[in-house]
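A quick write-up on the structure given underneath.
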Amino acid sequence: MTKRLRLTVDGTELYADLLTKEAPLACIEMERAGRFRTVLFAANVCYGEMTFNTPVADYWGEQNVQAETEPGDVTFYNDWSSVCVFTRRMEQFGPGAKFAQVREEDLPAFQRLAERAWHEQPITVEVEVVSDAPGDEPCALPAPERLFPLPAPKTLEVRVLEDELEAIWLKRPGEIDRMVERNAQTGREFGVWAYAWGEAVTLADFLRVLLGMAYEREGSVRTLRAVAARELRFFSPIFRDSAHMAHVSELLEEAAAAYGEVVSFAEFYALTRAVQRYLVQLSFWLDMELPWGGVSALVHRAWNPELSDPNLPGGADGVAERDGRESKGKREKDKSKSGGKGKDRKKGKGHKGKSKGHGKGK
């Protein structure tokens, strides 16, 4: 019996084998999610990586975490409930929990999809766990693991936030139009995007830390809810004024007020996770709004003008760059530095929530 993760894009099916022995809990949660549709887009720090959000909201297990990824690895980042598919050899942003593997013969199809995602996003994808033997039983849950450690009745505010998440799950938020128009007359729109995306990611990651504290019962409920409410009220006017995203601002204010009714860790967890998941999806849409191909080409010319752009047709050493090998141009550049030592430029950004912490090894 082989359980497989199936991605369907425009009628084309792509498969990855689930690693039910190495990462059984993540496989169980993906199977429990059933068939769902989501938006897939390019992860713009790592070449050849694709990302999509999932309905798996309350799995905090940590199994089969990989310090390095290989082409064909499929990993789950539980803090952002997201799956990443790696199609090329490259330097990853952070360790991830590998739960599926693309077969070697299927890898070219995933690479073509990743290339398409770089130029065309979002791409709607249907995701489902299937079996190569009809009638197979679902993956068995190994005891005594607890996948839902903090169950709590859904309050009105949690239901409102879940409805808001559903509204932007497959549909671009209309408020992004106002963000795009901000500073249009002065030609300084990029700064608006940078702040809007950065604030969404920063707040989502901060709430992620508080979720970890609630999960571990660190601190008191009173302290956690006070900190969370203060953070939401701090960021609310930033979204309203800097990005002209008034609706997001109102949601944060309403959620901050709702913390006044929270009396247990479970209630705190439910409300905070609902806010955080909404912000994650919002940050994904903001990420997709930027024309990454043009922006990356501009930065490449500014930072490394002596090197050809490997993302352009005929770019020198493009294959070597994409497959993680050092290009001839870079080697010659490094040798020209003092003592033959290359410049150590620190790269990366706060991307996709991949920070080491509770629930993780992305």
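Here residue 225 fits the description: over 30 Å from residue 117 (Cβ atoms), surrounded by 20 or more Cβ atoms within 10 Å (Cβ to Cβ) and basic (Lys, Arg).
Collect the residues in region 214-229 that are outside any helix (DSSP H, G or I) and of a type in the set (Ser, Thr, Tyr), keeping them in residue-number order. If the condition is that a residue be outside any helix (DSSP H, G or I) and of a type in the set (Ser, Thr, Tyr), then 220 is the only one that fits. The one condition from (1) assigned to a helix (DSSP H, G or I); (2) surrounded by fewer than 14 Cβ atoms within 10 Å (Cβ to Cβ) that residue 187 does not meet is (1).
Looking across region 255-292 at every residue that is outside any helix (DSSP H, G or I) and surrounded by fewer than 23 Cβ atoms within 10 Å (Cβ to Cβ), the one that is nearest to the chain's Cα centre (by Cα) is identified as 290.
Which residue, of 203, 252, 211, 232, is in contact with a Gly (Cβ under 9 Å, 6 or more places away or on another chain) and either in a helix (DSSP H, G or I) or farther than 30 Å from residue 298 by Cβ (or both)?
Values: 203 fails: in contact with a Gly (Cβ under 9 Å, 6 or more places away or on another chain); 252 fails: in contact with a Gly (Cβ under 9 Å, 6 or more places away or on another chain); 232 fails: in contact with a Gly (Cβ under 9 Å, 6 or more places away or on another chain).
Going through 203, 252, 211, 232 in turn, the sole match is 211.
Give me the residue from region 183-241 that is of a type in the set (Phe, Trp, Tyr) and closer than 20 Å to residue 254 by Cα and, out of that set, nearest to the chain's Cα centre (by Cα). It would help to see each step written out before you state the result.
Taking region 183-241 and keeping what is of a type in the set (Phe, Trp, Tyr), we get 190, 193, 195, 197, 206, 215, 234-235, 239.
Those still in the list that are closer than 20 Å to residue 254 by Cα too: 206, 234-235, 239.
Numbers: 206: 15, 234: 24, 235: 21, 239: 21 Å.
Ranking the candidates gives 206 first.
Residues in region 88-95 include none that are modelled with pLDDT of 90 or more and on the phi < 0 side of the Ramachandran plot.
The values are calculated or read from the model by the stated rules, or taken from the named source; none is laboratory data. Not measured: the values here are computed from a predicted model. Neighbour counts run over all protein chains shown; Cβ positions are idealised from the backbone, glycine included.
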